[in-house]
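Worksheet: the structure to be examined is printed underneath.
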Amino acid sequence: MKRTLALVGAAALLAFLGRPAFSQTGAGRVTVRPADTGVALENPGMGWVFHFYDNRPENYGSKLAPSDTLDDFPGLTVVYLRIPWSYIEPAEGQFNWAVVDTPAQRWIAKGKQVAFRFSCSESWTRWATPEWVAKAGAKGYDFAARKGVTAGGSYWEPDYDDPIFLAKLEHFLAAAAARYDGNPEVAFVDVGSFGVWGEGHTFASSRLPFTSQTVMRHIDLHKKHFRSTLLAANDDFVLQDRGDGTIEYAAKMGLTLRDDSILVQGGDKAYFHANFAQKFWRHLPVILESEHYGPSRDRGNWKDGSQYLQAVEDYHASYASIHWWPREFLNENKALVEKINRRLGYRLQLREAFWPATVTAKSSFQFEARWANAGVAPCLPGGFPALTLKDADGGIVGVFADESFDVRTLPVGPPDKAEAVTQKVVFTLPYNLLPGEYDVFVSIGTRTGTPRIALPLPDSDGNRRYRLGKMTVKE
């Protein structure tokens, strides 16, 4: 009895320390019950999105050294390059892609992705749409920021239905798509050609009430050229009496949803369109952008940021923005960032695993596990569990992937209430696996056993495989 209690106590202590708890039950079966390490995960199709350019080129990456890729920001996976069209095509047909490719390559080298928004109207520069487009005869309007159409106003907004403007815009989008569509380095591209700041409304510019047909035309232009890369529709497409049909059309066309400026107001007005997300989150990653953190904080709307976390819950968001100077945001919101990292996107937990301690060479064995998704969104990239056996030198001697169990199907639940699903599979040892004692690693990845998804488990081999214990193969 004392020996049994001692074993149970040791197992509990190991679990508490964040390492797998091992025991053997029945006929030499190994049982493992790992604890979630709490680590922030950097995984495909989810994570924090850093606004390197935020329309104004000086926000918010300008103070970072070229070698600084924010490696200390937990869960950062995407760098967002949101910039006026005029910065990329200053003269017709002459493209300066280095404006975006230069910062992009810094993060791509670290295994991150990039995302784009190219805007056509801004409240801080006259020519977001290049001036040469207006000189070519495209119709537009002078405006004063937040005051509407104004004769002699400092800024210019195109008529978003003008045929000359649309023809020039399409040429630009075709050039952008030739470089970036289907590129695995690109996470998503916003439909950002309509509205001030590319945000889908004209409240801070001309205040002209363009119709839903205008929005759909801009969706169609993007979809015509970006046929593979994920496109994002702004929730504000419905404003100015355009109706929910614009979002329904975006969903029909395969776009995902993004909601900008969470917490630009506080309280029950922190956000308005979580209901739209129900059309998207089960099959596409939903994107959230907070209000610029500093102004939201200073107006008293941000408070402890808990409403941003609640928005992640309500929208079932896969991406959340870092919409400020990144280290100031992190330093003032460390607890919030940690909480969001535990829920944002998907978080695959191995609750329990079983396998035989000893197997016979050239035979089969059963592996059983219980998996749960502790995030707010499905694991949209999907993936298959695999076991890898390694020898004492770290050499791979056996790889066993279970194609019958796709983690994409794991259900999503409320915080700390994710439902665990049982995996049972029989693997056959390869004919040339020699007798010996081997380390057992688990991973989630391709059908062929290549790891792709980081797990909140200890003892990683550096390649997203995690050591669970040992198995002996005998003659």
Cα centroid separation - the stretch 262-301 against the stretch 191-235, whole Å: 19 Å
Order of E289, E338, E352 under a 10 Å beta carbon neighbour criterion, fewest first: E338, E352, E289
Antiparallel DSSP beta bridges within the stretch 316-475, as percent of all bridges there, nearest 5: 90 percent
Anchor K224: aspartates and glutamates whose Cα lies under 13 Å away (excluding residues fewer than 8 positions away in-chain): E170, D181
Which of T211, T77, T229 has the fewest Cβ neighbours within 10 Å, and the rest in rising order: T211, T229, T77
The chain: angle of helix 212-225 to the longest principal axis, Cα-based, in degrees nearest 10: 60 degrees
Label zone at A361, where the point sits 7 Å out along the Cα-to-Cβ direction: the stretch 405-440 residues whose backbone N lies under 15 Å: 429-438
Per-pair calculated FRET efficiency, R0 = 41 Å: A151 and D71 via Cβ, rounded to 0.05: 0.20
Prolate/oblate/rounded label for the chain (Cα gyration tensor, a/c 1.5): prolate
Packing rank of 180-186, 440-446, where each peptide gets the mean count of other beta carbons within 10 Å, highest leading: 440-446, 180-186
Contour excess over end-to-end distance, with Cα ends at A392 and F272 and 0.36 nm allotted per residue: 37.6 nm
Qualifying lysines (Cα of each under 22 Å from Cα of K147; at least 8 residues distant if same chain): K139
Separation in nanometres of the label points that stand 7 Å from Cα toward Cβ, at Q310 and E332: 2.1 nm
Taking R117, R258 and counting other C-beta atoms within 10 Å, the order from fewest to most: R117, R258
Those aspartates and glutamates that a straight Cα-Cα span of less than 19 Å connects to K110, excepting residues fewer than 8 apart in one chain: E42, D68, D71, D72, D101, E185, D461
Angle in degrees between helix 163-180 and the longest Cα principal axis of the chain, rounded to the nearest 10: 20 degrees
In degrees, nearest ten, helix 306-315 long axis to first principal axis of the chain (Cα): 80 degrees
Counting DSSP beta bridges with both ends in the chain, the antiparallel % (nearest 5): 60 percent
Pairwise FRET efficiency - K417 versus N463, Cβ, R0 = 35 Å, nearest 0.05: 0.65
Two-site FRET efficiency, D406 against M253, from Cβ-Cβ distance with R₀ of 25 Å, rounded to 0.05: 0.45
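Bear in mind these aren't lab numbers, they're just calculated from the coordinates by the rules spelled out. The structure displayed is predicted, hence computed values, not measured ones. Don't worry about glycine lacking a Cβ; one is built from the backbone with ideal geometry, like all the others, and counts go over all protein chains shown.
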